[in-house]
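Below is one structure; the comments refer to it alone.
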Amino acid sequence: MRAQPILSAAAIRAAEAAWFANGGDSFALMQRAAGEVARAAATRLPPGGRVLVLAGPGNNGGDGYVAARLLADAGFAVQVTALAAPGAGDAARAAGEWCGATGPADPARFDLIVDALFGIGLARPLEGEAERLVLAANASGAPILAVDIPSGVDADTGAVPGVAINAVETMTFHTAKPGHLLLPGRLHTGRLQIADIGLPPAQGTPLALNGPGLWRLPVPDADTHKYARGGVLVWSGPVLATGASRLAATAALRAGAGAVTLVGDREALLVQAAHVTAVMLAEGDAQGFGRLAASPKVKALCVGPGAGPQARCVAGAALQSGKPLLLDADALTAFAGEAEHLARLIRRHDRPVLLTPHEGEFARLFPGLSGSKLARAQAAAALSGAVVILKGADGVIAAPDGRAAITANAPGWLATAGSGDVLAGIATGMLAQGIPGFEAAAAACFLHGEAGGRLGPGLISEDLCGPVLREVLAALI
Ligand SMILES: NC(=O)C1=CN([C@@H]2O[C@H](COP(=O)(O)OP(=O)(O)OC[C@H]3O[C@@H](n4cnc5c(N)ncnc54)[C@H](OP(=O)(O)O)[C@@H]3O)[C@@H](O)[C@H]2O)[C@@H](O)CC1
Ligand SMILES: Nc1ncnc2c1ncn2[C@@H]1O[C@H](COP(=O)(O)OP(=O)(O)O)[C@@H](O)[C@H]1O
Ligand SMILES: [K+]
């Protein structure tokens, strides 16, 4: 299975420019793009159905004029409402070839609206007539097919600085753009269709959709044993907060770690003992955690879920151990505002470190970073030397070497207490099995999303590290 690349607006323009430099015909490209739009529109229309094409002043509008002509030729009743006449180039040529009905219209009278106002060239928030057209289209009740990206959505960030089209479907070209997958853009995109319009395949791109093309799940050899599959240590929270670490430990075991041990004080472990069976227990403080981590049987560490007041000391011991490590929750907050110091500790050893903040933890750890979710995760990875999972519905995984992935399979059912602890456990389990940091993080996010999707309504975090993870793994191996 191949990874699905995601290109920014600049990268798409560069691919297009390289193709033109080799003699590619830009109007032919526009015709192919519009052909895909017309094909998608036709499947949503009754015979002779009514289509309103909203056409902007740039090449997105150009796609709209060509699609209008193709749909009219196919027998549909097409009207174009133009925001402004294209000045020159392919869009002007496309507008010139449109001879059908043109002018203002009530969008509610149409079976389908084609949104060709703005694409990757959106330069500022929509105002005036553009804003009015978008609001009227959204309010009309007619389904909207967006050309390339819903007008008003920033293709690189998913931001909507003003109003934006609410599409049921978006037909984009060559590759997905970050704005289709990052919130809130994803909510405006509807069903995303990616059309091949003949540009050479995007290869070696640093950004991809998270999916099985990016990583391979470990399968144990016949001659393996539990420690060869990877031992994991998880720091147990204090006596009244043991659940989070237990979820992480259980998930690590489910994800394939051969042996998982919760480490903590005696009182906490007595609570843990009442709940766990295959997960083992070992008494220890922060120093004890460090000593246990030194064992060659231990291949990965998880510190943070419910970690409590010891989080900083245990994270320190874990960072010193030089073992692959995941820091989550309290272990991230313990370094609030000290990202540079944390980075120095991370860079002391050559081994993967994963940081798994939600937005709140991220803001505390990296208060200076701003921009899109993608840009912030990438900057945090570069700054810290760790693989960063910036969690949420549009979870971003970013590596210090510049690679990044966006996860799009996570359902809202995952927004429940403890589900991040399960994610931390799955990722630690992957690390323990020798999966490199970026791949371990991406695989964990994808598995977590798949498990959430299968469980659906009523999901609680205990379910996530139950048999469903086994089913998801079995489907992907
Ligand atoms: N690349 C490819 O592979 C292919 C690309 N193709 C298509 O080309 C599209 C990109 O075309 P594009 O570069 O002409 O930009 P586009 O989105 O039409 O907008 C630019 C125009 O909008 C204007 N404008 C911007 N914001 C505005 C605002 N808020 N309010 C008002 N005006 C605003 C801006 O004016 P200005 O900022 O200069 O005032 C300019 O006139 C791409 O999305 C795809 O559909 C396909 O045909 C073939 C393959
Ligand atoms: N709306 C959502 N859609 C999909 N996944 C979500 C959503 N909200 C949260 N999640 C996921 O649920 C998990 C929540 O993690 P976190 O906030 O750390 O919770 P906890 O600390 O209770 O475990 C993360 O993996 C996050 O990506
Ligand atoms: K559009």
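The values are calculated or read from the model by the stated rules, or taken from the named source; none is laboratory data. Quick caveat, the model's predicted, so the values are computed rather than measured. So basically every Cβ, Gly included, is an ideal-geometry build from the backbone, and we count neighbours across all protein chains shown.
Things to note:
- If the condition is being of a type in the set (Gly, Ala, Ser) and in contact with a helix residue (DSSP H, G or I) (Cβ under 6 Å, 6 or more places away or on another chain), then the stretch 168-182 contributes only GLY179.
- Taking the numbered list (1) away from ligand 1 (no atom under 16 Å from the Cβ); (2) touching a His at 6+ places or on another chain (Cβ under 8 Å) in turn, ASP196 passes all entries but (1).
Conditions tested, residue by residue: (1) surrounded by fewer than 22 Cβ atoms within 10 Å (Cβ to Cβ); (2) in contact with a helix residue (DSSP H, G or I) (Cβ under 8 Å, 6 or more places away or on another chain); (3) farther than 20 Å from ALA315 by Cβ.
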site: LEU199; (1), (2), (3): yes, yes, yes
site: GLN203; (1), (2), (3): yes, no, yes
site: GLY213; (1), (2), (3): yes, no, yes
site: VAL232; (1), (2), (3): no, yes, no
site: SER245; (1), (2), (3): no, yes, no
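- Number of residues in the stretch 60-79 that are in a helix (DSSP H, G or I) and either touching a residue at least 24 places away in the same chain (Cβ under 8 Å) or under 25 Å from GLY121 (Cα atoms) (or both) equals 13.
- Residues of the stretch 351-389 that turn out to be at pLDDT below 95 and closer than 24 Å to ALA318 by Cα, as a count: 0
- Scanning the stretch 131-146 for residues being more than 8 Å from ALA108 (Cα to Cα) and not in a helix (DSSP H, G or I) gives a total of 4.
- When GLY158 is tested against (1) within 16 Å of ligand 2 (Cβ to nearest atom); (2) assigned to a helix (DSSP H, G or I), only condition (2) is not met.
- Answer from PHE438, PHE446 - the residue that is of a type in the set (Phe, Trp, Tyr), under 14 Å from LEU354 (Cα atoms) and modelled with pLDDT of 95 or more: PHE438
- Hits in the stretch 237-261 - residues which are assigned to a helix (DSSP H, G or I) and within 14 Å of ligand 2 (Cβ to nearest atom): GLY243, ALA244, SER245, ARG246, LEU247, ALA248, ALA249, THR250, ALA251
- The single condition from (1) modelled with pLDDT of 95 or more; (2) closer than 18 Å to THR172 by Cβ that PHE27 fails is (2).
- Taking the stretch 161-192 as the range and being within 15 Å of ligand 3 (Cβ to nearest atom), under 18 Å from the mean Cα position of the chain (by Cα) and part of a loop (DSSP other than H, G, I, E, B) as the test, the residues that pass are LYS177, GLY190.
- Residue that is surrounded by the fewest Cβ atoms within 10 Å (Cβ to Cβ) [pool: residues in the stretch 29-55 that are among the small types (Gly, Ala, Ser) and touching a residue at least 60 places away in the same chain (Cβ under 8 Å)]: GLY49
- Test: residue in the stretch 430-453 that is closer than 13 Å to LEU469 by Cβ and among the β-branched types (Val, Ile, Thr): no
- Taken as a whole, the structure leaves ARG2 outside the set of residues that are under 30 Å from SER140 (Cα atoms), away from ligand 1 (no atom under 14 Å from the Cβ) and surrounded by fewer than 16 Cβ atoms within 10 Å (Cβ to Cβ).
- Output for the stretch 81-130, where each listed residue is charged (D, E, K, R) and in a strand (DSSP E or B): ASP115
- Sole residue being in the same structural domain as ALA228 (by TED's automatic domain parsing) and touching a residue at least 60 places away in the same chain (Cβ under 8 Å), chosen from ALA268, ALA257, ALA278, ALA273: ALA257
- Which numbered condition ASP421 misses (of (1) buried (at least 20 other Cβ atoms within 10 Å of the Cβ); (2) farther than 25 Å from ASP330 by Cβ; (3) charged (D, E, K, R)): (2)
- For the residues LEU301, LEU327, the requirement of being in contact with a Lys or Arg (Cβ under 6 Å, 6 or more places away or on another chain), at pLDDT 95 or above and closer than 24 Å to THR242 by Cα singles out LEU301.
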